[in-house]
Each structure stands twice: as C-alpha cells, then as structure tokens.
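The values are calculated or read from the model by the stated rules, or taken from the named source; none is laboratory data. If you're wondering where the values come from, they're calculated on a predicted model, not measured in any experiment. Methodologically, a virtual Cβ is constructed for each residue, glycine included, from the backbone with ideal geometry; neighbour enumeration extends over all protein chains shown. The protein model used for the area step is the full one, side chains on, heavy atoms only, and it has no ligands, DNA or RNA in it. Shrake-Rupley method; radii C 1.70, N 1.55, O 1.52, S 1.80 Å.
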Amino acid sequence: MKPETTAIHALNLVKSATGDVTMPISLSTTFLRDETGGYPGGHMYSRVSNPNRSALENVITSLESGADTCAFSSGNTAGMSIFQALKPGSHIIAPDDMYWGFKKQLQSIFADTLTFDFIDLTDIAAIANYIKPNTVMIWAETPSNPLLKITDIEAVAKICKANNLIFACDSTFASPILQNPIELGADIVMHSTTKYIGGHSDVLGGSLTTAHRNEFWEKIRNIQQIGGAVPSPFDCFLLLRSIKTLAYRIKGHCENAMTLAKYLEKHPKIEAVYYPGLPSHQQHEIAKKQMKDFGGMLSILVKGDALAARKVVNSVQIFAQATSLGGVESLIEHRASVEGPDTKTPQNLIRVSVGLEHIDDLIADFDQALATV
C-alpha cells in the first residue's frame, strides 16, 4: 500500500470486539489472565503494553518500513532511551547542529558515561577521521534543526556498516511521508511524534523504529517497558487519529513552505533562506535524492542583528510566536533566544514552521512584519 493508504488502513488490522471503525480508547492499566496464567488479549499491564500503544507502534512501523517500533512519552525520552542503551564509555558521532535538547542530554545527563564529537555530517569525507576504537554510533538529524542541513543518509549508512556502527537518524522534520531512513540504510529512525505525526500541537510523544530486532533493540524495548516513559492511551489515540491525515497535511505544508521560501529568498531584507527545496540550498541535490518533497520547515537570516530578528517575530499577526513545529498553525521563533547563551545558532536567524493557512495570508503577514525593520 502507498503511504496515504497505509496511514488510514494499517490500524484496521486491529479488530475491536464491538466492531468500532475508529479504535476505542483502552484505559485499563491491567488485563485479565486465563486459567493457565496467560494473557489471551496479549496485554498484562499498561506500562508494558496497551492496545492503543501497540496499534500506534504497528502503524508507525508500517509507515517506516521497519521491523518494530517503541512509542514514548516525548521525543526527548525516545532519543534518551538510545543513549541509555549504550554501554558506559561508548563514543557517539553527532551533528554539530544537533537538536539542542539531545545535545544538552549528552552534555549533562550522559557527560560522565558517554563521549561524543559534534561534527559537520554533511562533510562525508571527514567522518572517518572521528571514528575511534570505542565509537559505537553515528547519530544524524536530517533535515537538521534549525539550519536545515541535509545529511546523505545512504553515504553515512555505508560508513556505519563498514565500521560496525549503529546508525540512528532523527527524521522528525521530514516525517515518514517524506523520508524513510531505514530504506536508505539506517538502523533506527527517531521521531518526535509531537510534531508532524501529531500535527495539531495537542499531544506530546516520541517514537523509535528499528530496521531489525536485535540485542540492542531489546535493550531499548526494556528501557521503554521498565523505565515507563510511555504515552497514555489517549495520547496514542490522538496520534493514530492524526496519522490518518498525515500524508495530506504534509502536502499542504510542503506547498506553502516552498512558496514562502521563494518569496523570502527575493525579499530585500532577507540575507539568506535555508530551505532544502531551493536550488540555492547547499545540499539541494541530496534532498532531491532522499526526500519525496522538502517539508514545511525553513529558517531565514534577517539582515541585521538579533534585535531586527526579534522585531520581525514580534510584529507578525498570523504566525504564532511559539516553540515547536509541525502543527496546522504557522509558528515562528527567534531560535537563539530559545536555545540560550551557549547557542551556535546565528542571532539573526528566525525559524519558521509553515502551517496550513492560505499562503497569501502568510506572505502578507511576513511582508508587513519585515516592513518594521
């Protein structure tokens, strides 16, 4: 089945005793045993598994062409479970513009147990220089947040396989509709399901999907079940509901983002536009190769300093000045302010999550906001 069909019908494999077309919410935290001590419904205790969570995991597995999925209570806990599953002393190669939440995890929570190098993963030829005897993983993020860098997934996968490394890829900005890292050679694909998979800014979640069930994956599954950072049945219900429209929401996000990017690229008060769909993007050809479209995220550099960038985000009327991304409403933020004083993000950078409003209204809003600087 094509992704549009899978998103709607993968859930139909779950049969309800009452014949519901839409899967009901199962709020029970514990489940009946039979005479032999087994669990005829397949569930024992809701921290370990739950009908709604199992259904969500099955649907994401189908969309990502994987072997299994673990759903978590947030994107941060999903990523953190990978780091927790690594042996102390392990070395990780990660992108220099790694999502700041994961970077902070490594630099604080795992500072005494793991070692890491943050490098430019778009420079494929230089990656081998950072592989050490204790290197166990390369973590990629493509498109990256907030610089929209594109990492060549196939090229990194070949390096990982040649050196027996685990390859984990954060594909949140792309969603399963635009990019499938497992099909390109990744071992694990991560999503903050809060973003495009949820799509309505009303549910927190994360997921990991594996290419193979192996010993490392069993460690992650154990962390999920024993650690207990799992999404509630209602959160899973909301995500399953949202996935049904994911493919068509993504089409709208991509269309609006491309049009807005082209408009901003020609604006006299814009220094640069970071959007992989533009031919001017440094990794445009790689994006064309591994993505079905270019997504709904873009970043811009306003001519001037942080004050000029803040003036723009404070002057918009339709865009909501808020963190997060991937919702139906357009969001805008001065990213360096969010990341704090040690950020590497340019002070004049504005990150934009392009929503599903009419593009003429979004352009008009930017036009009047840019007129203030």
Item checked: Karplus (6.51, -1.76, 1.60) ³J(HN,Hα), θ = phi - 60°, over the range 21-34, in Hz, Gly and Pro reported as x -> 6, 9, 4, x, 8, 9, 8, 4, 8, 9, 9, 5, 9, 9
Note to self: Starting from the Kirkwood Rh over alpha-carbon pairs, what translational D in µm² s⁻¹ does the range 67-221 have by Stokes-Einstein at 25 °C and 0.890 mPa s?
What the structure shows: 160 µm²/s
Next item on the list: Give me the net charge of Asp117's neighbourhood, meaning all other residues with Cβ under 15 Å from the Cβ of Asp117; Lys, Arg count +1, Asp, Glu -1.
Entry: -2
Check: What pairs in Lys195/Lys303; Lys104/Lys158; Lys132/Lys292; Lys244/Lys288; Lys149/Lys244 have C-alpha atoms more than 32 Å from each other?
Finding: Lys132/Lys292
Next item on the list: Scan the range 1-87 for trypsin sites (Lys or Arg not before Pro) in coil per DSSP, keeping those whose Cβ has at most 16 other Cβ atoms within 10 Å, and list them by number.
Entry: Lys15, Arg33, Arg47
Check: Are there trypsin sites (Lys or Arg not before Pro) in the range 135-217 that DSSP puts in a loop and that have at most 15 other Cβ atoms within 10 Å, and which ones?
Finding: Arg213
Checklist line | Sparse-neighbour loop sites [GluC sites (Glu not before Pro); the range 9-103; at most 14 other C-beta within 10 Å; DSSP] | finding: Glu35
Item checked: Solvent-accessible surface ranking, highest first, for Asp97, Asp120, Asp112, Asp360 at 1.4 angstrom -> Asp112, Asp360, Asp120, Asp97
Next item on the list: Please find, in a Gaussian network model of the chain (springs between Cα atoms separated by less than 10 Å), the residue of Ala78, Ala111, Ala247 whose mean-square fluctuation is greatest.
Entry: Ala111
Next item on the list: In debye, nearest 20, what is the charge dipole magnitude of the chain about its Cα centre with +1 on Lys and Arg Cβ and -1 on Asp and Glu Cβ, if you could check?
Entry: 220 debye
Notebook entry, point to check: What net charge is computed for the residues neighbouring Gly185, neighbours being all others with C-beta under 12 Å from the C-beta of Gly185, Lys and Arg scored +1, Asp and Glu -1?
Noted result: -2
Note to self: How large a share of the accessible area of the chain, in percent, is made up of carbon and sulfur atoms when the probe is 1.4 Å and the other protein chains stay in place?
What the structure shows: 55 percent
Check: Per residue, how much accessible area does the range 234-328 have with a 1.4 Å probe, in Å²?
Finding: 44 Å²
Notebook entry, point to check: If amide H atoms are built 1.01 Å from N in the plane of the peptide, which residues on other chains or at least 5 residues away come under 5 Å of the amide H of Gln321?
Noted result: Ile332
Notebook entry, point to check: With every protein chain left in place, what is the accessible area per residue of the range 1-108 in square angstrom, probe 1.4 Å?
Noted result: 48 Å²
Notebook entry, point to check: Which order do Phe116, Phe234, Phe167 take when ranked by solvent-accessible area (1.4 Å probe, heavy atoms of all protein chains), largest first?
Noted result: Phe234, Phe116, Phe167
Check: Amide H to amide H under 5 Å from Asp68: which residues, 5+ apart in sequence or cross-chain, H placed 1.01 Å off N in plane?
Finding: Thr210
Next item on the list: Could you grab the relative contact order for the chain? Cα pairs under 8 Å, six or more apart, rounded to a whole percent.
Entry: 17 percent
Check: Helix hunt in the chain: which complete DSSP H runs extend at least 24 Å axially by C-alpha with mean Kyte-Doolittle at least -0.5?
Finding: 246-265
Next item on the list: Taking only Cα atoms and a 10 Å spring cutoff, compute GNM fluctuations for the chain and point out the largest among Asn58, Asn164, Asn214.
Entry: Asn214
Notebook entry, point to check: What number comes out for the charge environment of Asn76, summing +1 per Lys or Arg and -1 per Asp or Glu over other residues with Cβ under 13 Å away?
Noted result: +2
Item checked: Hits among aspartates and glutamates - C-alpha to C-alpha of Lys269 under 13 Å, sequence gap 8 or more where chains match -> Asp305, Asp367
